[in-house]
Amino acid sequence: MKKIEHIGIAVKNLESGNDIYKKLLGKAHYKIEEVKSENVKTSFFQVGPNKIELLEATSPDSPIAKFIEKRGEGMHHIAFAVKDIRREMKRLEKEGFILLNKEPKKGADNKLVCFVHPKTANGVLIELCQEIEK
Ligand code: ZN
């Protein structure tokens with residue numbers, strides 16, 4: 001694991017979330033991106049070497065919609081940057097973590113991602129992400 005790449009925050013409304021985090025961080029988001037496969041719309045803020053990702057559900061069966069229904073708005077996941085996502089997935093599986101996808105998938109912000117089940121990480125959803133080489 002190289003560093004915390006971003007922290008994901010589930011919001012009911014991306015526009016009002018963007019307003020709040022713009023005030024909080026003193027600058028606007030640098031991109032909005034829809035991830036169709038996850039039924040989410042995301043926005044990203046750069047904060048020094050790390051990022052904040054706001055996530056809004058685009059359909060009622062989105063994982064974000066279910067999360068907000070159960071727990072309300074708030075911190076949703078921590079994402080760690082990794083150099084080699086497949087190697088890291090193998091390592092974590094061997095250590096007993098449950099991976100939510102067996103193959104890396106295309107996430108937001110030009111990343112290959114894999115999620116680790118929160119029940120194997122003290123209640124925190126973990127995301128691994130590897131920058132896709134252009
Ligand atoms: Zn994320």
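Numbers below:
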{"item": "Proximal lysines relative to LYS51, as straight alpha-carbon distance under 17 Å, when same-chain residues fewer than 8 apart are discounted", "result": "LYS2, LYS3, LYS22, LYS23, LYS27, LYS31, LYS41, LYS111"}
{"item": "Folded to 0 to 90 degrees: helix 14-25 orientation relative to the chain principal axis, Cα", "result": "90 degrees"}
{"item": "Local net charge near LYS90, Cβ-Cβ under 13 Å (Lys/Arg +1, Asp/Glu -1)", "result": "0"}
{"item": "Extension gain, GLU73 back to LEU25 (0.36 nm per residue minus Cα-Cα distance, nm)", "result": "15.4 nm"}
{"item": "Candidates LYS106, LYS70, LYS51, ranked by Gaussian network fluctuation over the chain, Cα under 10 Å, top entry", "result": "LYS70"}
{"item": "Over region 44-134: Rg over Rh, Cα atoms, Kirkwood Rh", "result": "0.96"}
{"item": "For VAL40, net neighbour charge (Lys/Arg +1, Asp/Glu -1) across residues whose Cβ lies under 11 Å away", "result": "-3"}
{"item": "Nonlocal amide H pairs with ILE98, under 5 Å, H built at 1.01 Å", "result": "HIS117, THR120"}
{"item": "Radius 12 Å from Cβ of THR120, net charge of other residues (Lys, Arg +1; Asp, Glu -1)", "result": "-1"}
{"item": "Listed residues ILE7, PHE97, HIS77: farthest to the positive end of the dipole of region 1-115 (Cβ charges)", "result": "PHE97"}
{"item": "Under-5 Å amide H pairs with GLY107, H placed in peptide plane, nonlocal only", "result": "LEU112, VAL113"}
{"item": "Segment LYS83-THR58, length gained on full extension (0.36 nm per residue, minus Cα span)", "result": "6.0 nm"}
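Throughout, read-outs are computed from the coordinates displayed, never taken from laboratory work. Since the model is a prediction, treat every value here as computed from it, not as a measurement. Neighbour counts are summed over all protein chains in view; Cβ atoms, including those assigned to glycine, are modelled from backbone coordinates with ideal geometry.
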